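The values are calculated or read from the model by the stated rules, or taken from the named source; none is laboratory data. Note that this is a predicted model, so its numbers are computed, not measured. When we count neighbours, we look across all protein chains shown, and the Cβ atoms used for this are built from the backbone with ideal geometry, even at glycine. We work out accessible area using only protein heavy atoms, side chains counted, and drop any ligands, DNA or RNA first. Shrake-Rupley method; radii C 1.70, N 1.55, O 1.52, S 1.80 Å.
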Amino acid sequence: MSGAVARSIESSLPAGSARLARHFLSTGKLGESALERAAQVASESEAPFETVLHQLGLVPEDELVQAIAAVASVAILSDTDLPKRALLQGELRASFLREVRALPVGMHNGRPQVAMVNPLDERAVAALRFAIERPIDLIAISPSRFEKLFEKLYGAATDARSTQPAGSAAHIADDVDRLSDLSSDAPVIRLVNALIAGAVEAGASDIHIEPMESELYVRYRIDGILQRIDAPPRSLAAAILSRIKVMAKLNIAERRLAQDGRIGVAVQGRDIDLRVATTPTVHGESAVLRILDRGQRVVSLSALGFDSELEGQVRSLTNKPHGIVLVTGPTGSGKTTTLYAVLDELNTTERKILTIEDPVEYQLDGVNQVQVKPQIGLTFANALRSFLRNDPDIMMIGEIRDLESARIAAQAALTGHLILATLHTNDAPSAVTRLIDMGLEDYLLTATLNGVVAQRLVRSLCKTCRQSFEPDAQLIAGLNLLQLSGGSPILHRAVGCPDCRGTGYRGRTAIIEVLALTDELRRAITKDAPASEVARLAQASGMETLRTHGIRKALAGVTTIDEVLRVTLEAA
């Protein structure tokens, strides 16, 4: 550390924080300019230096707690050491523990073990030792874990304004002024921020906050599966929901009707959009927060799970100068992500691309993206009509929801435009009959539809702990594994390890089927062939079904047979 920078940091930071800064500099994790900026922000805002490092996105929370533990020469609180009840309550007040950000977590050889967010804070450590009046052992704890554990053990007992017994939760929910005050209290703000930050760090796509009769459920959807996490006390449900509604600019007084809104926040230096939906239930309002990372980069088709053959099939559909290409599947199956990957490849200076979406999930340079606003009449159909007057080459429709949108898309394809769109059907052949059921004329459909891509998302096996096994004869025969494997089939099962948070899975991959319209299929469609007949003809022309593609991925050790069967039950 240069002399000038060292003097600047030494003068603006406490001794412990200066030691932490020197550690990051010596390990090469942070440069002098970043440390000097963080020190300046900490000094001006009077926020803890370690908190500023995390909030500026300079250091992830797990690396931060490891660095603090290394500099302070202490251990990190493990999952097995979490206390189930508040300790030393007769000696330490909750408000004091909140102030020094410390929690008694156990006893060892007669010495209290105290977890601290910053054991380098000499004043806080001295205050703890004075209050307890005996030697203590320090342990490092991450800020998010401290918030969750503190709220679990003490609730909001640190502030009289935010303290309410569990029995008075119903009275709080009926007092709008009280709810407004609670939503602005620092403990509630910190708690909601911690829930959001924890979800982003865990890679969750949604946060579910659900009040039950006697407890509050908080669940993260990670890799498509809901996982319950430690939740605050039930008495804080109304305050938490009110804080979320204030952030989303919703009507805090309206608790009888469902409401929708959006929140923009920064987490670890990343811009995050949250789509908020509240629903009145018998035990109070519940909320779901959909997490959209605006800074996330669009990934390629291969990264999404398309092998080289499937990539070629999709490109043969999208490289045509006009026509409609549909991507189908249920909600949360990655349809929009696939369309973004296709658009990213088609996005050149020679092409004008317009999209109409709800919402705009990723922002693409060079693409004109429009957000649906039904309240002012900006619907999919109305936007498509205006698009045709803007001389586009390619148009993307977030979803074909009605006959009007389908007809405009078909007319646009007939006049020389390439249309990309999503549709909710279980498989690719069903997309054809779905459009006809909507009322789209079969001659328009056969003249404009290039093909359909159907997909599902399955969880990918953790490569650290997956375990191979030989399937039994019944499974081999039932899923035709012998023929698909070309020999002795080997499958893998999920086990669970620290790398995958004990789930056995890390990330997700797509299983896909691609239906390209052939002359034979077009003739069948004009004769009102059912979806089953369309599926038979498509498979006869070489289409691999969702289940078959999934089984191939299971045989390759990418996922499990259980995952494939879970998402292809209706497509079997």
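Quick look at the numbers
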item: Unique residue being free of Cβ contacts under 8 Å to residues at least 60 places away in the same chain and acidic (Asp, Glu) when the list is Glu361, Glu357; result: Glu357
item: Residue within the range 78-89 that is buried (at least 21 other Cβ atoms within 10 Å of the Cβ) and under 36 Å from the mean Cα position of the chain (by Cα) present; result: no
item: The range 519-538, residues that are among the small types (Gly, Ala, Ser) and either farther than 25 Å from Thr448 by Cβ or surrounded by 14 or more Cβ atoms within 10 Å (Cβ to Cβ) (or both); result: Ala524, Ala529, Ala531, Ala535, Ala538
item: Residue count, the range 266-279 (criterion: at pLDDT 85 or above and open to solvent by less than 50 Å² (accessible area, probe 1.4 Å)); result: 6
item: Qualifying positions in the range 56-85 - in contact with a strand residue (DSSP E or B) (Cβ under 8 Å, 6 or more places away or on another chain) and either outside any strand (DSSP E or B) or closer than 19 Å to Phe150 by Cβ (or both); result: Gly57, Val65, Gln66, Ile68, Ala69, Ala72, Val74, Ile76, Leu77, Asp81, Leu82, Pro83
item: Every pair of residues 6+ apart whose Cβ atoms lie under 7 Å, when the first sits in the range 521-550 and is in a loop (DSSP other than H, G, I, E, B) while the second is of a type in the set (Ser, Thr, Tyr) and surrounded by 15 or more Cβ atoms within 10 Å (Cβ to Cβ); result: Pro530/Thr433; Ser541/Thr518
item: Residue within the range 300-319 that is in contact with a helix residue (DSSP H, G or I) (Cβ under 7 Å, 6 or more places away or on another chain), acidic (Asp, Glu) and free of Cβ contacts under 8 Å to residues at least 40 places away in the same chain present; result: yes
item: Selected residue (criterion: modelled with the lowest pLDDT) from residues of the range 10-37 that are open to solvent by less than 60 Å² (accessible area, probe 1.4 Å) and farther than 24 Å from Val74 by Cα; result: Ser12
item: Long-range neighbours under 6 Å by Cβ, at least six apart or interchain, first residue acidic (Asp, Glu) within the range 258-274, second open to solvent by 50 Å² or more (accessible area, probe 1.4 Å); result: Asp271/Arg294; Asp271/Gly295; Asp273/Gly264; Asp273/Arg294
item: Count of residues meeting criterion [more than 33 Å from the chain's Cα centre (by Cα), free of Cβ contacts under 8 Å to residues at least 40 places away in the same chain and assigned to a helix (DSSP H, G or I)] in the range 416-457; result: 3
item: Number of positions in the range 481-518 that are open to solvent by 60 Å² or more (accessible area, probe 1.4 Å) and without any contact (Cβ under 8 Å) to a residue 12 or more places away in the chain; result: 4
item: Cross-chain or 6+ apart pairs with Cβ under 9 Å, the range 208-233 first and free of Cβ contacts under 8 Å to residues at least 12 places away in the same chain, then among the β-branched types (Val, Ile, Thr); result: Arg228/Val218
item: Condition check for Ala406: more than 24 Å from Leu537 (Cβ to Cβ), in contact (Cβ under 8 Å) with a residue 12 or more places away in the chain, in a helix (DSSP H, G or I) and open to solvent by less than 10 Å² (accessible area, probe 1.4 Å); result: no
item: Qualifying residue in the range 434-456 (condition: under 27 Å from Arg315 (Cα atoms), open to solvent by 10 Å² or more (accessible area, probe 1.4 Å) and basic (Lys, Arg)); result: yes
